Amino acid sequence: MRFNLRILGPAATALLLAASVAQAAPVVRGPEHGTLIIAGGGALGPEIVGRFITLAGGPSAEIVVIPTAGGAAKYGPDCDCLNIFRKLGATHLTVLHTTDRKEADSEAFVAPLKRAKAVWFVGGRQWHLVDSYLGTRTEAEIKNLLARGGVAGGTSAGASIQASYMVRGAKSGNDVMIAPGYEQGFGLITGAAVDQHVTARHREGDLDLVVAKHPDVLGIGIDQSTAIEVKRDDFKVLGVGHVFIHDGTEQPNGGHYYLLGAGDGFDLRTLTGTAKR
């Protein structure tokens, strides 16, 4: 069973939503420099992966791929996770993986990130990324990469980890939205929680619970084959699906979200959608 507002019942839900109204609106920001590509899982087209490669500097740019969320003990240079980049001509690809936090905190391990123009987080379970990298030198070098004007991207679990509030972090299963001890992501986009696989897995209303409990957080749900390209003050929608904006306000659909489609933008300063561009 999915963990959503309906489980709480109407009285508890009303109290949570009323409390959210009394709070100030979320303050949401992308990275000061650089760009994020945050994808909702599934098959990603060239309008997403190709855009990531372009932002990295083209097919010859150095790209680090982190497959740790997949949960395997080891990943080598023949990792299938590289195929989506190779198909579009990328040639300088490095797999970076460890389950040892001491190694993740070492200079030798982060050396590829210091050279890279881009880093990509593969899907799986986001708690693996937390256990391996949160608070380590690896996380710091990912942020340094962005500060140099680079690009960080990821899909599915690799999308949720990029937000300051991380959803579906429970080791017991990805149907749990709020997992104590696993609510902190890397904070590449702050003031937000990012969900994925929305329509495919019937998660349309799941972020309502998070926003109701944490009114300082904007919920951003992303369909499969869809992504957002995030700058400091705004993002635009890439791909073929929808992006679900959960801001705690009642909507005609009966939930607390509204939709953006391909080409639509969103202003992070005003928390409003903008015309297709």
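Looking at region 189-205, which of the residues that are in contact with a helix residue (DSSP H, G or I) (Cβ under 7 Å, 6 or more places away or on another chain) and of a type outside the set (Val, Ile, Thr) is surrounded by the fewest Cβ atoms within 10 Å (Cβ to Cβ)? For region 189-205, the residue satisfying everything is Gly205.
The sole residue among Gly181, Gly248, Gly173 that is at positive phi and in contact with a strand residue (DSSP E or B) (Cβ under 9 Å, 6 or more places away or on another chain) is Gly248. Counting residues in region 233-251 that are out of contact with any helix residue (DSSP H, G or I) (no Cβ under 9 Å at 6 or more places or on another chain), modelled with pLDDT under 95 and not aliphatic (A, V, I, L, M) gives one or more. Which one of these is more than 19 Å from Arg148 (Cα to Cα) and touching a residue at least 40 places away in the same chain (Cβ under 8 Å): Gly89, Gly76, Gly124? Checking each option against the conditions leaves just Gly124. Residues in region 146-164 that are crowded, with 24+ Cβ neighbours inside 10 Å and either hydrophobic (A, V, I, L, M, F, W, C) or in a strand (DSSP E or B) (or both): Val151, Ala152, Gly153, Gly154, Thr155, Ala157, Ala159, Ile161, Ala163. Scan region 131-144 for residues that are surrounded by fewer than 22 Cβ atoms within 10 Å (Cβ to Cβ) and not charged (D, E, K, R) and jot them down. If the condition is that a residue be surrounded by fewer than 22 Cβ atoms within 10 Å (Cβ to Cβ) and not charged (D, E, K, R), then Ser132, Leu134, Gly135, Thr136, Ala140, Asn144 are the ones that fit. Scanning for something surrounded by fewer than 16 Cβ atoms within 10 Å (Cβ to Cβ), within 18 Å of Pro46 (Cβ to Cβ) and either among the β-branched types (Val, Ile, Thr) or touching a helix residue (DSSP H, G or I) at 6+ places or on another chain (Cβ under 6 Å) (or both), does region 66-73 turn up at least one residue? No, because not a single residue in region 66-73 is surrounded by fewer than 16 Cβ atoms within 10 Å (Cβ to Cβ), within 18 Å of Pro46 (Cβ to Cβ) and either among the β-branched types (Val, Ile, Thr) or touching a helix residue (DSSP H, G or I) at 6+ places or on another chain (Cβ under 6 Å) (or both). Contact annotation: residue pairs with Cβ atoms under 7 Å, 6 or more positions apart or on different chains, pairing a residue in region 169-181 that is under 15 Å from Gln196 (Cα atoms) with a partner that is among the hydroxyl-bearing types (Ser, Thr, Tyr) and assigned to a loop (DSSP other than H, G, I, E, B), are Gly169/Tyr182. The residue list Leu268, Leu260, Leu218 contains one member that is crowded, with 17+ Cβ neighbours inside 10 Å, in contact with a Pro (Cβ under 6 Å, 6 or more places away or on another chain) and modelled with pLDDT of 95 or more, which is Leu218. Being at pLDDT 95 or above and assigned to a helix (DSSP H, G or I) is a property that Ala69 has. Within region 93-118, restricting attention to residues that are touching a Lys or Arg at 6+ places or on another chain (Cβ under 9 Å), of a type outside the set (A, V, I, L, M, F, W, C) and not in a loop (DSSP other than H, G, I, E, B), the residue that is farthest from Gly158 (Cα to Cα) is Glu107.
The values are calculated or read from the model by the stated rules, or taken from the named source; none is laboratory data. Computed from a prediction, not measured in an experiment: that's the story for all the values here. All Cβ positions, even for glycine, are placed from backbone atoms using ideal geometry, and neighbour counts span all protein chains on display.
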